[in-house]
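**Student:** First the structure, which I've put down as structure tokens, then a few questions once you've had a look.
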Amino acid sequence: MARKPAARKTTGKKPATKASSKEASSDEVGAPSDDPDFILHSLQDEFEKSKSFDASDDQMLEFYRQMLLIRRFEEKAGQLYGLGLIGGFCHLYIGQEAVAIGLQSALDNDKDSVITGYRDHGHMLAYGLDPDIIMAELTGREAGISKGKGGSMHMFSTEHKFYGGHGIVGAQVALGGGLALAHQYRDDGGICLAYFGDGAANQGQVYETFNMASLWNLPIVFVVEDNQYAMGTSTKRSSAETRFYRRGTSFRIPGMEVNGMDVLEVRAAAEVAFKHVREGKGPVLMELNTYRYRGHSMSDPAKYRTREEVQDQRDHHDPIERLKKVLVENGHGEDDLKAIDKDIRKIVAKAADFAESSAEPKPGELYTDVLVEEY
Ligand SMILES: Cc1ncc(C[n+]2csc(CCOP(=O)(O)OP(=O)(O)O)c2C)c(N)n1
Ligand SMILES: [Mg+2]
């Protein structure tokens, strides 16, 4: 989506790396930086050299399969919500699939951690978690990933280093800073990917985290999923600066602006950003421009935008259709791609059956995983 002005070209100078906080002596704290060469676009320049990830045929098919899994899973979740099988809040990720798939495909699942907000089902699927237990969680079943007690917004899998699923807008960013500090402290080689929305990007704690993450050179990638709206408020109405990648400038965090509707572009950007962070050069701020097709949550009548606007996005920017076109150009027949869709539908139908036939949590579960004694 070429919605915003293209990134400004710079001198192409290499980003200056900061001395790690461990090396800095205490009398340097608060002193003017001796690194005058911070360039906001240093990574963007690198990314612009090759904006499309050179994926193998197998990788492209895998991206296609995974994006379809999110799409079909979310459509089914919408249906189950309509049938009353899912209660409470339910925020669908339809339209934004390329963001989670492109970024998470570049992570090292054994080392890296992920944290996000309440629009989290797609992130969990992208992280390779079992659709059965995600659907069971959505329907409040014992077999769910949070034993049916978290629901749509509060899913965790700490063994997979997936730290939620958070309902408080922006809170996950500060927690992500903590996860990154843990990676640094333990020297485990991992990085943290902290996702948040365009609305969350106006929260104060986001900037406190930027400051500390940059000061301490933490291994964290901040990802703004700019899906154009925070509930019913468009970014233009809520944000003085809608080019979110610029918001790290005051903290000397390089920014990147990425088309979040193109999985190959997202992956190409991830390669550049993650390399920078893995090399110990401190945080990166990525802005992923995307669009949510459905309402903010299942209870949103979406009167703040026109049907035509949504249809235009579906018709001209859909991430799955975009990749499908590339696959067809590369010689894949419509029938092969339909067969993938059929397989995915089966996986999703199985997840729904599993969820519906699973037991509800026993009443005693009300007293587990909560503080019921004095500590
Ligand atoms: C601290 C806090 N303030 C307000 C809310 C209510 N709220 C829930 S979602 C939301 C909008 C967030 O939009 P954005 O960050 O763009 O994420 P998106 O829903 O688009 O993914 C708001 C204001 C909340 N959950 N937490
Ligand atoms: Mg938003």
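**Student:** Among the residues of the range 238-256, is there at least one that is of a type in the set (V, I, T) and within 16 Å of ligand 1 (Cβ to nearest atom)?
**Tutor:** yes
**Student:** Assuming P131 fulfils every condition listed in (1) within 16 Å of ligand 2 (Cβ to nearest atom); (2) in contact with a Leu (Cβ under 8 Å, 6 or more places away or on another chain) apart from one, which condition is it?
**Tutor:** (1)
**Student:** Among the residues in the range 119-134, are any out of contact with any helix residue (DSSP H, G or I) (no Cβ under 6 Å at 6 or more places or on another chain) and farther than 28 Å from S358 by Cβ?
**Tutor:** Scanning the range 119-134, I find no residue that is out of contact with any helix residue (DSSP H, G or I) (no Cβ under 6 Å at 6 or more places or on another chain) and farther than 28 Å from S358 by Cβ, so the answer is no.
**Student:** In addition: Going by what's in this entry, would A136 be described as within 16 Å of ligand 2 (Cβ to nearest atom), among the small types (G, A, S) and either buried (at least 20 other Cβ atoms within 10 Å of the Cβ) or more than 30 Å from E62 (Cβ to Cβ) (or both)?
**Tutor:** It is false that A136 is within 16 Å of ligand 2 (Cβ to nearest atom), among the small types (G, A, S) and either buried (at least 20 other Cβ atoms within 10 Å of the Cβ) or more than 30 Å from E62 (Cβ to Cβ) (or both).
**Student:** Considering only the range 300-318, how many residues are within 16 Å of ligand 1 (Cβ to nearest atom) and either under 23 Å from Q66 (Cβ atoms) or not in a loop (DSSP other than H, G, I, E, B) (or both)?
**Tutor:** 3
**Student:** Considering only the range 81-103, state which residues are closer than 26 Å to L61 by Cβ and surrounded by fewer than 24 Cβ atoms within 10 Å (Cβ to Cβ).
**Tutor:** The one that is closer than 26 Å to L61 by Cβ and surrounded by fewer than 24 Cβ atoms within 10 Å (Cβ to Cβ): I94.
**Student:** Listed residues S56, S33; which is of a type in the set (S, T, Y) and either at pLDDT below 95 or in contact with a Leu (Cβ under 8 Å, 6 or more places away or on another chain) (or both)?
**Tutor:** Checking each option against the conditions leaves just S33.
**Student:** Moving on to the next point. For the range 271-299, how many residues are part of a loop (DSSP other than H, G, I, E, B), more than 16 Å from the chain's Cα centre (by Cα) and basic (K, R)?
**Tutor:** Residues that pass the stated criteria total 2.
**Student:** Can you name the residue in the range 177-205 that is part of a strand (DSSP E or B) and within 16 Å of ligand 2 (Cβ to nearest atom) and, of all such residues, is nearest to H296 (Cα to Cα)?
**Tutor:** G197
**Student:** Report, by residue number, each residue of the range 147-171 that is within 18 Å of L125 (Cβ to Cβ) and touching a residue at least 60 places away in the same chain (Cβ under 8 Å).
**Tutor:** G151, S152, M153
**Student:** Moving to a separate point now. How about the range 152-176: which of its residues are more than 16 Å from ligand 2 (Cβ to nearest atom) and among the aliphatic types (A, V, I, L, M)?
**Tutor:** Passing the criteria: M155, A174, L175.
**Student:** Within the range 218-276, take every residue that is away from ligand 2 (no atom under 16 Å from the Cβ) and of a type in the set (V, I, T) and give me the one that is surrounded by the most Cβ atoms within 10 Å (Cβ to Cβ).
**Tutor:** I220
**Student:** Residues being outside any helix (DSSP H, G or I) and either modelled with pLDDT of 95 or more or surrounded by 10 or more Cβ atoms within 10 Å (Cβ to Cβ) (or both): count how many of those fall in the range 325-375.
**Tutor:** Residues that pass the stated criteria total 11.
**Student:** Considering Y293, Y304, which residue is in contact with a strand residue (DSSP E or B) (Cβ under 8 Å, 6 or more places away or on another chain), touching a residue at least 12 places away in the same chain (Cβ under 8 Å) and surrounded by fewer than 21 Cβ atoms within 10 Å (Cβ to Cβ)?
**Tutor:** Y304
**Student:** When the residues of the range 183-225 are filtered to those that are among the charged types (D, E, K, R) and more than 20 Å from K281 (Cα to Cα), which remaining residue is nearest to ligand 1 (Cβ to nearest atom)?
**Tutor:** Across the range 183-225, the extreme among qualifying residues is D198.
The values are calculated or read from the model by the stated rules, or taken from the named source; none is laboratory data. Keep in mind that this is a model prediction, so the values were computed, not measured. All Cβ positions, even for glycine, are placed from backbone atoms using ideal geometry, and neighbour counts span all protein chains on display.
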